[in-house]
Each structure stands twice: as C-alpha cells, then as structure tokens.
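**Q** Pasting a structure below so you can have a look.
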Amino acid sequence: MPTTDTVTRVNAAVTLRGVSRVYGRGAAAVRAVDNVSLEFPRGGWTAVMGPSGSGKSTLLHCAAGLEKVDSGQVIVGDNDITSASDAELTALRRTRIGFVFQSFNLIGSLSAERNVALPLRLAGQRPKPAEVRATLARVGLADRARHRPRELSGGQQQRVAIARAMVTRPEVLFADEPTGALDSTAARTVLDLMREMADAGQSIVMVTHDPGAAARADAVVFLRDGRVVDHVTGAGPREVADRLAAWER
Amino acid sequence: MMGMSRAGLAERWPLFAGAFLSVALGVALVQSSLLLLISAATYDPPAGWSEAARMAASDNAVAAVSMLGVILGIATFLAGFIISSTFAFTVDQRRRDLALLRLVGGSRGQLRRLLLGEALLLGFLGAAAGIPAGVAVMNLQGWLLRRMEFMPADFEGQWRLWILGVSFGTGLALAVAGVLVAARRGSRVRPLEALRETGAAARVMTVSRWIFGLIFLGGALALIIVAPHGGVSGGVAMAMNVAMPAAAAVAAFSPLLVPLLGRLIPAGGVTGSLARANLADARRRSASVAAPLIVLAGLVIGNAAAGASFTTAGADQMRAQTRADLVVEAPGPVGDRIRSVPGVAAVSTETAIPATVTTGSGEDQESESAMAMVIDPAAYAAAHSAGDALTALRGRAVAAGPGGDVPSRGTIRLRLPGLDLGEIPVVAGVPATMSGGPNVLLAPGVVPAAMLASAPTQSFVSLAGDADPPAVRAALARVGEVSTADAWLRADAKDRNSTSDKILLVIMGLGGLYALIGVINSVVIGAAARRREFAEARVTGLTRGQVVRSALRESFAVTVAGLVLGGVAAGATMATVLTTTTAVVGKGTLDIPWTLVAAVIAVALLVTSVTSLLTSLSATRRRPVLLLGATE
Ligand SMILES: Nc1ncnc2c1ncn2[C@@H]1O[C@H](COP(=O)(O)OP(=O)(O)O)[C@@H](O)[C@H]1O
Ligand SMILES: [Mg+2]
C-alpha cells in the first residue's frame with residue numbers, strides 16, 4: 001500500500017507548497033504570489049482565474065519552473081524543481097512540460113510543421129515527418145503544414161502552438177490566456193481541442209480571465225492579490241462568472 | 001497579436017546582411033593592406049634603373065612600408081571593432097527569438113552553438129566575398145600609392161595564394177571573436193523574455209563592457225603619458241595611436257554617455273519627447289549606432305589633427321633653426337660660385353644623395369634605405385643652429401642627421417649609388433627634428449666630385465650687413481633658382497602639409513568609409529526591429545509623419561552624441577599632440593583641420609539622417625493594424 005504522501009505525488013501533476021514570489025524590494029515590493037499551496041491533479045484540466053494583476057501568470061511561471069520562487073516548493077510529477085539547475089529545467093521543458101501563450105510565440109520564419117518539429121529537434125531527435133503531420137492533424141491543421149505563421153489566422157496559429165507543445169507528449173501543458181487574443185469562434189475551436197486532450201488524459205493548467213473558458217475546465221481556482229481565495233469543480237459559465245464577480249468586488 | 005511571427009525572415013535579413021557586410025569589407029580591407037605591405041616591403045626597383053634611382057625608390061618604399069604598417073593596424077582594429085559591435089548588436093536584437101528557443105527546450109549550449117555556428121557561416125561567407133573585394137580594394141589603394149608618389153609607377157600590389165588562408169582565417173576569427181561574448185550573454189537569456197512584448201533590453205553596461213572599456217582607457221592613458229617622453233619618432237607614433245584605444249574606450253562606455261548627451265535634445269512637442277524617451281530606453285541601439293561614429297570621428301579628426309600639428313610644429317622648428325636670407329636651388333657643387341658673389345657672407349651648400357645604411361653586425365645587422373647629405377660642417381652648423389655639434393665631422397667620417405635612424409656614435413656601413421664606402425665611423429650628430437631630413441651627414445671629401453656634379457643641391461645663403469639684396473639675388477639667379485628663405489620655408493611647409501594630407505587620405509580614406517558603412521549597418525539593423533514599435537506609436541494616434549520625424553530626431557541626437565564622443569577621443573589625441581610637441585620642439589602646437597571636422601560632421605549627419613529616413617519610411621509602409629495583427 002502506498003503511503004498518503006506517495007498517493008498525493010502520483011495523483012498530482014504539479015504540486016505547490018507555500019509558494020511565494022515577490023517582485024521589487026522595500027516599499028515597492030509586490031507579493032505577486034503569496035504563500036500558495038495547490039495541487040493540480042494528474043489527467044485533469046485546472047483553470048486559474050482572477051482579476052488582472054492577481055498573480056495568475058506569475059503562479060503559472062513558478063509552477064512551470066520559468067520563474068524562481070522566493071519561498072516554498074514546486075514539484076512537477078515526483079520531481080522537486082524548486083532549486084533545479086538550468087540544465088535540469090531545460091530537460092524538464094524538453095520532455096515533460098509544454099507551453100501555450102496568449103501571443104502564440106511561433107517562429108515566423110519557420111513553417112507550421114517546422115515550428116512543431118522544433119522541440120524534438122532541440123531535444124536531439126530526428127522528428128519523423130509522419131509524426132509531426134499527425135500532431136498537426138490532431139489540431140485540425142493537416143493541410144496547413146507548409147504555411148508560415150503569418151499566412152495563418154490567429155486561431156490557426158494558436159493551434160500550431162498547441163501542436164508544438166504537444167509533440168513531445170508532455171506530462172503537463174501550461175497555457176496562459178490561450179484564447180486571450182482570439183475571437184469567440186476561434187476560441188471555441190481551441191477550447192474544444194483542449195477539452196478533447198483533457199478527456200484523453202492530458203494534465204492542463206490554464207490561466208484565463210474568461211469565465212466561458214474556465215467553465216470548460218474540470219476545476220477552477222480563484223486568485224486574488226496572489227492568494228487562492230476559492231476553488232470550485234464542475235461549475236458552469238454562469239456560476240464561474242458569478243464567483244469571479246464576487247471576488248472582483 | 002502576431003507575437004513571434006514578426007520575427008520573420010523578412011525582418012531578420014538586415015541583421016544577417018549587416019553582419020555579412022561588416023565581415024566582407026573588413027576582410028577586404030585587411031587583406032588589401034597586408035598584400036600591399038608585403039608587396040612594398042619586397043619591392044625591387046627595375047633592374048634597368050640607375051643605382052641612384054633604385055636607391056631613391058627603395059627609400060620611398062621604406063616610408064611607404066611604415067605607412068602601410070599603420071594602415072594594416074588601423075584596418076585590423078576597425079575590422080575587429082566594427083565586426084564585433086555589429087555581431088553583438090544582431091545577437092541582442094534577437095533576444096526574443098533566443099528566449100523562445102529556450103522556452104521550447106533549447107539549452108544554453110545549443111544557443112551558444114547556434115550563434116557561434118552562424119558567426120562561422122557569416123565569417124566564411126563574408127571572407128569568401130571579401131577576398132575578391134579585397135583585390136579590388138588593393139588595386140584602388142595601390143593606385144593611390146602610385147598616384148600620390150609614395151611608390152614608383154611600376155609598383156603593383158601582388159596576389160599571394162596563401163592570402164586565401166589568411167583572409168578566411170581573419171574572417172572566421174574576427175566573426176567568432178566578435179560573437180563570443182555576445183553569444184555567451186545571448187545564451188543566458190531567460191525563457192520568460194520570449195513573452196515580453198518589447199524584447200526588454202538586457203543590461204547594457206555588462207561586466208565585459210566595463211573590462212574592455214577600462215583596458216582601452218588604460219591603454220590610451222599609457223600612450224598619452226608616455227608619448228612626450230618618446231623622442232621625435234616615438235612620440236609622433238604614439239600620439240598617432242592614441243585615437244584607437246581612446247575611441248574604443250569611449251565607445252565601450254557609450255551606453256552610459258549617449259543617453260546623458262541625449263538629454264540635451266530639446267524635448268519640444270510629442271516627437272521630441274518620444275525621441276528623447278526612445279534614446280534613453282534603447283541604450284543598446286543608440287550605443288550601436290554611436291560606436292562606429294565615435295571611431296570614425298575620433299580616428300579621422302584625431303589623426304588628421306595630429307598629422308597637421310606635427311607638420312606645423314616641424315615647419316616652425318625648421319623656421320626657428322634656419323639662419324639664412326636666401327635659398328638657391330641648383331645641382332652640383334655650386335658653393336664656390338655662390339660665395340664669390342659680392343654681398344654673400346656665408347653659404348651652406350647641401351647635396352642630397354640616396355644611400356643604404358647598414359647598422360649592427362652579425363645577427364642584428366640591418367640595412368635600410370636612407371638619405372645622405374654632403375655638407376660643409378661649419379657652414380651647415382651656422383645655417384641650421386647646430387652649434388658645435390658637428391665640429392668633430394671631418395675626413396672619412398659621418399654624422400647623424402636630423403632625419404634620425406642612425407646612432408650618433410659608433411660605426412655604420414654606408415653605400416652610395418655605385419660606391420661602397422664600407423665601414424665608416426659616426427663621429428657626431430645633430431638632434432632629430434620633427435620635420436626630419438637627411439639621416440647621414442657627410443663631409444665633402446668623402447664623395448667623388450663626379451657623383452656630386454648633378455645631384456640636387458640647396459644652398460642656404462646669408463648676406464653681409466652691407467649687401468644690396470636685389471643685386472645679390474640677381475647675381476645668384478645666374479647660378480640657380482633663388483628664393484627668400486621665408487618663401488622657401490613656406491613652400492616647403494606647404495609641400496609637407498600636402499604630403500601629410502595625402503598620407504591621411506591613403507591611411508584613413510577607406511577606413512573611414514568602412515566605419516561609415518558600419519554606421520549605416522547599425523541604423524538599418526536597429527530600424528528593422530522597430531516595425532512593431534512604430535506601429536504601436538501609430539495606433540496610439542501618431543501620424544506616419546510624426547513617427548518618421550521622431551525617428552529622425554532620435555537619429556540626429558544619437559549622431560550628435562556619437563560625434564561629440566568621437567570628439568572626446570580625438571581630444572585625447574590632441575592633448576597628446578600638445579604635450580609631445582611641447583616636449584620635442586619646446587612649443588605646444590595644435591592645428592585643428594576645421595574643414596575636415598566640418599566635413600565629418602556634415603557627412604555623418606547626412607548619412608544617418610538619410611538612412612533613418614529611408615528605413616523608418618520603409619518600416620511604416622504597411623498599415624499598423626496589419627503589423628499588430630488585429631485582423632483576427
Ligand atoms: N517582472 C515583474 N517585475 C515586477 N513586477 C511584476 C513582474 N511581473 C509581474 N509583476 C507584478 O506582479 C503582479 C502579478 O502579475 P501577473 O502575475 O502578471 O498578474 P496576472 O497575470 O494575474 O495579470 C502584478 O502586480 C504585476 O505588476
Ligand atoms: Mg497574466
């Protein structure tokens with residue numbers, strides 16, 4: 001029988017224990033993340049909501065090892081990455097986590113398929129064209145493989161970014177406002193795609209300020225002034241919006 | 001938002017083109033200078049020439065070799081400087097791309113290898129283009145050397161097969177050395193920087209920048225301090241070398257200095273305040289445009305001022321030392337004829353003969369082309385304020401002349417055209433002067449009369465107190481061409497000035513052009529990354545005209561700052577010139593070539609303004625919404 005501790009570790013894709021991140025010093029210090037303890041479940045889709053400036057992005061960056069924490073512990077799977085070296089974090093990004101951001105962040109000079117193949121090539125693998133095509137097909141862009149990002153719509157670019165994040169089969173996908181720059185139709189396509197991935201067992205941590213987007217997730221965490229103030233599971237858009245409105249008051 | 005897609009190849013090509021160009025032109029310049037230096041050093045006058053002509057040609061070649069040495073030094077310095085600043089700038093402009101690679105799993109080592117690999121490729125391609133370009137540059141420089149009579153008409157720069165290796169090596173080494181520090185810095189970019197919209201600039205005054213800056217500052221200070229104690233030739237050479245480290249030091253500190261000077265731009269109107277804010281914000285870009293300008297202004301103005309000042313100091317010194325009323329130019333031993341003219345009190349007849357001087361013995365033996373002058377020691381001492389320095393010179397012996405290069409004691413081997421004088425003791429010497437002159441002084445009996453008969457001779461004539469100058473002049477005109485000593489000295493000074501101008505043109509001309517291309521490079525590279533910034537300014541409500549005007553004002557401010565800082569570097573040279581001339585000729589002399597200063601300012605402002613205008617117009621050609629990707 002596994003101990004409770006092990007159960008926790010196995011079931012959580014990412015664990016934060018008392019994590020704080022402070023920007024600036026003295027009077028100008030901002031506690032962007034303030035003593036947050038959270039578990040993002042494995043195989044689940046968690047949305048992080050909160051007003052602008054509440055520390056959502058900082059929390060995501062800390063959880064993904066992009067930002068050092070000032071105190072607390074960050075555990076991805078069963079690896080404590082709190083004080084991981086640059087090489088260890090690089091290895092983590094290569095194989096175990098993927099990112100999607102509001103601003104797509106594709107490399108403009110590379111075609112969609114080469115953007116998708118990039119993480120594999122950086123990891124020293126020789127990507128099989130079929131594998132890359134299959135990943136693009138999964139996001140519905142099989143016929144856009146040779147297009148450059150600027151020849152794609154925003155929604156298509158974001159789907160390329162998702163394909164790029166997924167091509168390494170990461171344990172966790174981190175997404176910061178993935179629909180923030182998209183119109184509602186494109187946003188729905190992207191959210192449908194993420195829902196599909198979550199149903200297939202993909203762990204997803206998504207930051208958003210859109211209640212409609214958050215309602216597609218399995219659970220929603222509310223953040224305010226860097227602290228977790230609420231936590232709901234299985235709520236619809238109306239309930240998420242009401243709770244957000246309550247906390248923004 | 002289009003995010004990274006704005007990093008498309010279309011926007012990145014100016015970076016690579018700029019880096020490529022800096023290598024190609026740098027390699028061309030270094031290769032040409034090296035080939036010409038070797039061609040001049042191994043130059044043999046045609047066998048058909050008389051020995052006197054061959055010796056004279058060799059003496060010219062010696063002067064040309066030392067000039068080409070300076071050209072090679074400056075070319076190498078410029079190439080290293082321009083290439084490394086261009087490469088560092090291109091790496092810095094790509095921080096977001098690099099951060100993105102880090103975000104999707106790239107390691108520091110991979111980024112470093114990527115940047116080094118790129119530098120190797122650009123170095124290779126640049127050298128491949130620079131080698132044929134270098135042949136064209138060599139033909140041009142060779143033509144200049146012949147045209148300005150530094151080398152005889154049959155001189156030509158010669159191609160050597162091994163230069164292929166040297167030039168490829170130069171291109172690769174300079175590109176890699178140039179990118180080394182930048183690559184290390186670039187590879188340490190934090191992945192999160194990929195998410196910053198403006199590609200936040202890294203700290204610009206890095207530790208390595210401080211170290212480089214302080215090293216160059218130390219070098220410049222050392223030269224400034226030592227130059228006055230270096231004697232004539234040492235002092236002049238050191239003063240001419242101050243501008244390079246001084247400019248490099250000022251350029252290293254320019255990220256601190258340029259924004260400070262930028263505060264001087266009037267903040268009038270929205271374009272003015274935007275320009276000022278941009279200048280302070282984009283330190284890296286400002287510094288990259290200012291750096292080649294600093295080197296251009298510092299080197300060209302500093303060395304032109306040094307050349308002109310030393311020439312003036314030399315002429316002043318010569319005027320102060322010359323005791324004569326008239327100068328007669330006529331070939332051969334005309335001394336007796338001049339002395340027999342009524343009213344002539346004294347005459348120093350000086351006949352120039354090309355020579356080869358060999359000093360040292362055994363391993364250290366060294367032969368050099370030189371100028372020997374046959375004189376009457378007592379008359380020469382009187383005409384040139386040499387006091388009793390030459391009283392020991394008589395019989396089969398020589399004295400060290402004002403041209404230097406010969407020890408004033410000991411033994412040398414002296415060869416004149418068609419006559420080997422063998423070992424000959426140096427028994428006296430006059431101090432070296434700023435304006436130079438013959439290296440060896442000979443008493444008349446040593447040289448056969450036949451050799452003197454047609455050799456170029458000048459006679460310095462002093463009149464008796466009761467002489468009737470016009471009558472004496474008229475009588476002397478039957479001997480040769482007569483001029484007053486004043487007029488002769490003026491003509492001589494003018495002649496030397498034009499020689500120093502020509503030297504400056506040969507030395508600085510192409511180097512200055514290269515630095516100017518470096519400036520254009522930086523402006524173009526800087527503007528390439530600004531499309532988005534311009535578009536944002538426009539959606540904020542600025543018109544295209546206002547954006548372009550603000551870019552122009554910013555470029556104007558950077559140019560002025562670069563020129564002022566270049567002036568500081570030139571000022572270091574000028575200070576050295578003052579202390580050195582004070583030490584050597586007893587009077588501080590500074591001759592600032594104002595026409596050239598004005599020309600440098602005008603050209604720099606014109607070039608940066610036109611480049612900024614064109615690049616900002618092109619960067620704002622598309623409607624801003626297209627660039628900001630609001631089409632979704
Ligand atoms: N790099 C930074 N330096 C200083 N302050 C920062 C930095 N990043 C974020 N902050 C501050 O931390 C707080 C939380 O920011 P962020 O995590 O971006 O919020 P959110 O994503 O919820 O809008 C804000 O007050 C913000 O100003
Ligand atoms: Mg955010």
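Every read-out reported here was derived from the displayed coordinates using simple, explicitly stated rules and does not represent laboratory data. No experiment lies behind these values; they were computed from the predicted model shown. Ideal geometry is used to build each Cβ from the backbone, glycine not excepted, and the neighbour counts take in all protein chains shown.
**Q** How large is the direction-averaged shadow of the alpha-carbon convex hull of chain A, in nm²?
**A** Mean orientational projected area (chain A, Cα hull): 14.7 nm².
**Q** For the ranges B:33-39, A:128-134, B:585-591, what's the packing order if you count other beta-carbon atoms within 10 Å of each residue, average per peptide, and put the highest first? Let's see the in-between values first.
**A** Details: B:33-39: 23.4, A:128-134: 13.3, B:585-591: 16.4.
Per-residue Cβ counts within 10 Å, averaged per peptide and sorted highest first, yield B:33-39, B:585-591, A:128-134.
**Q** With +1 on each Lys and Arg Cβ and -1 on each Asp and Glu Cβ, how big is the dipole of the stretch A:114-177 about its Cα centre, in debye rounded to the nearest 20?
**A** Dipole magnitude for the stretch A:114-177 comes out near 380 debye.
**Q** Among the aspartates and glutamates, select those whose C-alpha is under 13 Å from the C-alpha of B:LYS502, and discard any that sit fewer than 8 residues away in the same chain.
**A** Cα-Cα hits under 13 Å: B:GLU149.
**Q** Roughly how many debye, to the nearest 20, is the charge dipole of the stretch A:30-185 about its Cα centre, given +1 on each Lys and Arg Cβ, -1 on each Asp and Glu Cβ, and no other charges?
**A** Charge dipole of the stretch A:30-185: 860 debye, to the nearest 20.
**Q** Which shape class, rounded, prolate or oblate, goes with the stretch B:523-563 when its Cα gyration tensor gives a ≥ b ≥ c as root eigenvalues, a/c under 1.5 marks rounded, and past that a/b bigger than b/c marks prolate?
**A** Here the stretch B:523-563 falls in the oblate category.
**Q** Using a cut-off of 26 Å between alpha-carbon atoms, which lysines can reach A:LYS56, once sequence neighbours fewer than 8 places away in the same chain are excluded?
**A** Cross-link targets: A:LYS68.
**Q** For chain B, what is the calculated [θ] at 222 nm in deg cm²/dmol (nearest 500), taking -39500 (n - 2.57) for each run of four or more DSSP H residues and dividing by its residue count?
**A** Mean residue ellipticity, 222 nm, calculated: -22000 deg cm²/dmol.
**Q** At a threshold of 8 angstrom on Cα-Cα distance, excluding pairs fewer than six apart, so keeping six or more, what relative contact order does chain A reach in percent?
**A** Relative contact order of chain A: 26 percent.
**Q** Still on this structure, I have one more. Once Rh for chain B is found with the Kirkwood sum over Cα pairs, what is the Stokes-Einstein diffusion coefficient at 25 °C and 0.890 mPa s, in µm²/s?
**A** Here the translational diffusion coefficient equals 89 µm²/s.
**Q** Could you tally the net charge around B:LEU463, taking each other residue with its Cβ under 10 Å from the Cβ of B:LEU463, Lys/Arg +1 and Asp/Glu -1?
**A** -2
**Q** Most exposed first by the Cβ proxy, i.e. fewest other Cβ within 10 Å, how do A:TRP45, B:TRP488 rank?
**A** Result, fewest neighbours first: B:TRP488, A:TRP45.
**Q** Starting at the first residue of the stretch B:474-479, write each ³J(HN,Hα) from the Karplus equation 6.51 cos²θ - 1.76 cosθ + 1.60 with θ = phi - 60°, in whole Hz, x for Gly and Pro.
**A** Rounded to whole hertz, the list is 4, 5, 5, 4, 6, 8.
**Q** Also, I was wondering about something else. Relative to the longest principal axis of chain A, what angle (0 to 90°, nearest 10) does the C-alpha long axis of helix A:237-248 take?
**A** 50
**Q** How many Cβ atoms of partner chains, on average, are near each residue of B:104-114 if near means within 10 Å of its Cβ?
**A** The shielding value for this peptide is 6.
**Q** How high is the relative contact order of chain B, in percent, counting Cα pairs under 8 Å that sit 6 or more residues apart?
**A** Once normalised by length, the contact order is 20 percent.
**Q** HN-Hα J couplings of the stretch B:485-496 from phi, Karplus 6.51/-1.76/1.60, θ = phi - 60°, integer Hz, Gly and Pro as x?
**A** With coefficients 6.51, -1.76 and 1.60, one gets 4, 4, 4, 5, 5, 4, 4, 5, 5, 5, 4, 5 Hz.
**Q** Could I ask something else about it? Placing +1 at every Lys and Arg Cβ and -1 at every Asp and Glu Cβ, with all other atoms neutral, what dipole size does the stretch B:1-203 have around its Cα centre, in debye to the nearest 20?
**A** About 1460 debye.
**Q** Just how far, in whole angstrom, is the stretch B:42-97 from the stretch B:383-440 if you go by their alpha carbon centroids?
**A** Using only Cα atoms to place each centre, the spacing works out to 32 Å.
**Q** When a footprinting reagent is the concern and you count Cβ atoms within 10 Å, what order do A:TRP247, B:TRP594 take, fewest first?
**A** Sorted ascending by nearby Cβ count, the order is B:TRP594, A:TRP247.
**Q** What residues have an amide H closer than 5 Å to that of B:ASP591, excluding those fewer than 5 places away on the same chain, when H is modeled at 1.01 Å from N in the peptide plane?
**A** B:SER309
**Q** Something else about it: Hey, can you grab everything whose amide H is under 5 Å from the amide H of A:VAL229? Only 5+ residues off in sequence or another chain; H modelled, so Pro and N-termini drop out.
**A** So A:VAL229 has HN proximity to A:PHE222, A:LEU223, A:ARG224.
**Q** Also, quick follow-up: Taking H as built 1.01 Å from N, whose amide H comes closer than 5 Å to the amide H of A:ALA175, not counting residues under 5 places away?
**A** A:VAL100, A:VAL205, A:MET206, A:VAL207
**Q** Say the dipole of the protein assembly as shown comes from +1 at the beta carbon of Lys and Arg and -1 at that of Asp and Glu; which of A:ALA241, A:GLY77, B:LEU565 then lies farthest toward its positive end?
**A** Value computed over the given set: A:ALA241.
**Q** Per residue of A:95-107, what is the mean number of Cβ atoms on other protein chains within 10 angstrom of that residue's Cβ?
**A** That works out to 5 on average.
**Q** Could the peptides B:143-150, B:43-50 be put in order, highest first, of the mean number of other beta-carbon atoms found within 10 Å of their residues?
**A** B:143-150, B:43-50
**Q** While we're here: On average, how many beta carbons from a partner chain sit within 10 Å of the beta carbon of a residue in B:96-102?
**A** Whole-number average of other-chain Cβ neighbours for B:96-102 is 3.
**Q** Can you give the three extents of the C-alpha atoms in the stretch B:295-390 along their principal axes, from longest to shortest, in whole Å?
**A** 59, 41, 27
**Q** Going by alpha carbons, how many degrees (0 to 90, nearest 10) lie between the helix axis of B:231-240 and the longest principal axis of chain B?
**A** Long axis of B:231-240 versus the principal axis of chain B: about 20 degrees.
**Q** While we're on this one: Check the straight Cα-Cα distances from B:LYS587 and name the lysines below 21 Å, setting aside those fewer than 8 residues away within the same chain.
**A** B:LYS494
**Q** Calculate, axis by axis, the spread of Cα positions in the protein assembly as shown along the three principal axes, and write the results as whole Å, longest axis first.
**A** 126, 56, 46
**Q** Of B:VAL524, B:ALA324, B:LEU513, which is farthest towards the positive pole of the protein assembly as shown's charge dipole, taken about the Cα centre with +1 and -1 on the beta-carbons of Lys, Arg and Asp, Glu respectively?
**A** B:VAL524
**Q** Two-decimal Rg/Rh of the stretch B:335-479 from alpha-carbon positions, Kirkwood Rh?
**A** 1.02
**Q** At a 10 angstrom cut-off on C-beta neighbours, averaged per residue, how do the peptides A:192-202, B:465-475, A:108-118 rank from highest to lowest?
**A** For the peptides A:192-202, B:465-475, A:108-118, the packing ranking is A:108-118, A:192-202, B:465-475.
**Q** Residue by residue, what Karplus-based ³J(HN,Hα) values in Hz, rounded to whole numbers, does the stretch B:445-451 have, using 6.51, -1.76 and 1.60 with θ = phi - 60° and x for Gly and Pro?
**A** The phi angles translate into x, 6, 9, x, 4, 4, 6 Hz.
**Q** Based on alpha-carbon centroids, what's the gap between the stretch B:304-375 and the stretch A:55-100 in Å, whole number please?
**A** Between the Cα centre of the stretch B:304-375 and that of the stretch A:55-100, the gap is 81 Å.
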